[in-house]
Amino acid sequence: MSFGLVTIPVQLYSAIDSHDEVKFHLLHGKDKGRVRYRRTCEACGEEVPWQDVVKGIEHGEGYIEFTDEDFEKADVQGSSTIDIQDFVNAVEIDPKYFERPAYLEPQKGAERPYVLLREALRKAGKVGLAKLVIRSRQHLACLKPDGDGILLELMRFADEVRGTDDLKLPRGEEARERELELAQKLIEGMTVPFQISKYKDDYREKLEEIVREKTAGMQPLVHGETPAATKVNDLMATLEKSLAERVSNAPAATSAAVGKPKTKTSGRQAVKKSSRSPKVASDGD
């Protein structure tokens, strides 16, 4: 890792601890036989083992092979270097450009310049923007202090993020003033201090439960239904009902703190868990 003329030897470690997904195999519905994908050569028809697979680009009526040496020639800065280009304010970076985090650990003898960069970033309130190459692909990255460490967050380049010009998005005038007021009160009532540990992967846990039930010969129970979209004509009534329910379910102390405004507002309560479903692995050999 380098900035200016300062070079800091570091080791890169993934900051993501992914839990094992429920692994599904592809089966033939008729007889439950395993369906497998095989790598076959179009020229000779033989199955090709991974060690004999190479990369190439299409050219004319054939292909040109690319070797490791070819990829090394494209490495203009050195794939082992995290080259800090600029320092910027963290709030200026749109979150949609962030991809995945990793930790940087200083190698032996590099502790002092490592701490120097970490504390300088912290005191300046800045983050570093760097470039690095991983597996024959260059990445943009953001470096920021994280406790006693430095977090490197891989980013997407500008041309990798799609714009919204092709989407049919409603204008702000669609939100009526009274509805907006109630929606703001509902958001205030659902606002709590951020605590990442309270959010669990409900989908994965339920999927694992269904796997246990089916392997035990049990018929899994149906849990819940997908809620219908709120109708435009019912929007006002739905907001008022949501506020009323949050007030009635709020702890007494919290309700007293919120007070009694003209329109019923809500007490504080945990944010509803996201219904976004993670991807389920489906393998093909």
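Can you find, within the stretch 166-214, the residue that is farthest from M236 (Cα to Cα) among those that are among the β-branched types (V, I, T) and not in a helix (DSSP H, G or I)? Step through it out loud before you land on a result.
Filtering the stretch 166-214 down to residues among the β-branched types (V, I, T) leaves 187, 191-192, 196, 210-211.
Adding the requirement that they be not in a helix (DSSP H, G or I) leaves 191-192.
Working: T191: 21, V192: 24 Å.
So the residue we want is V192.
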Pairing a residue in the stretch 49-69 that is part of a strand (DSSP E or B) with any residue that is β-branched (V, I, T) and surrounded by fewer than 10 Cβ atoms within 10 Å (Cβ to Cβ), where Cβ atoms lie under 6 Å and the two sit 6 or more apart in sequence or on different chains, gives I64/I57
- Query: Can E173 be described as surrounded by fewer than 11 Cβ atoms within 10 Å (Cβ to Cβ), farther than 29 Å from I84 by Cβ and of a type outside the set (V, I, T)?
  - Reply: yes
### Task
Could you tell me whether K131 is of a type in the set (D, E, K, R), part of a strand (DSSP E or B), within 17 Å of T7 (Cα to Cα) and modelled with pLDDT under 95?
yes
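Report yes if L121 is assigned to a strand (DSSP E or B) and either more than 30 Å from Y13 (Cα to Cα) or not aromatic (F, W, Y) (or both), otherwise no.
Values: assigned to a strand (DSSP E or B): no; either more than 30 Å from Y13 (Cα to Cα) or not aromatic (F, W, Y) (or both): yes.
Answer is no for this residue.
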Filtering the stretch 16-45 for residues that are among the charged types (D, E, K, R) and more than 29 Å from R100 (Cα to Cα) leaves a count of 8
Considering the stretch 1-29, residues that are within 25 Å of L207 (Cβ to Cβ) and without any contact (Cβ under 8 Å) to a residue 40 or more places away in the chain, and then whichever is surrounded by the fewest Cβ atoms within 10 Å (Cβ to Cβ), we arrive at D17
Please verify whether the stretch 107-116 includes one or more residues that are closer than 19 Å to I93 by Cβ and assigned by TED's automatic domain parsing to the domain that holds T7. no
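Restricting the stretch 81-102 to residues that are under 11 Å from the mean Cα position of the chain (by Cα) and more than 19 Å from R122 (Cα to Cα), which is surrounded by the fewest Cβ atoms within 10 Å (Cβ to Cβ)? Spell out the reasoning first.
At the first step, the residues of the stretch 81-102 found to be under 11 Å from the mean Cα position of the chain (by Cα) are 95-101.
Still in the list and also more than 19 Å from R122 (Cα to Cα): 95-100.
On the way: P95: 5, K96: 10, Y97: 16, F98: 14, E99: 14, R100: 12.
Of everything passing the filter in the stretch 81-102, P95 is surrounded by the fewest Cβ atoms within 10 Å (Cβ to Cβ).
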Of K200, K185, the only residue that is modelled with pLDDT of 80 or more and exposed (fewer than 10 other Cβ atoms within 10 Å of the Cβ) is K200
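Quick one: count up the residues across the stretch 32-48 that are hydroxyl-bearing (S, T, Y) and assigned to a loop (DSSP other than H, G, I, E, B). Let's see the steps before the verdict.
Within the stretch 32-48, the subset hydroxyl-bearing (S, T, Y) is 37, 40.
Subsequent filtering for residues that are assigned to a loop (DSSP other than H, G, I, E, B) retains 37.
Residues flagged as hydroxyl-bearing (S, T, Y) and assigned to a loop (DSSP other than H, G, I, E, B) within the stretch 32-48 amount to 1.
The values are calculated or read from the model by the stated rules, or taken from the named source; none is laboratory data. All values reported here derive from a predicted model rather than from experimental measurement. Here Cβ is always computed from backbone atoms with ideal geometry, including for glycine, and neighbour counts include all displayed protein chains.
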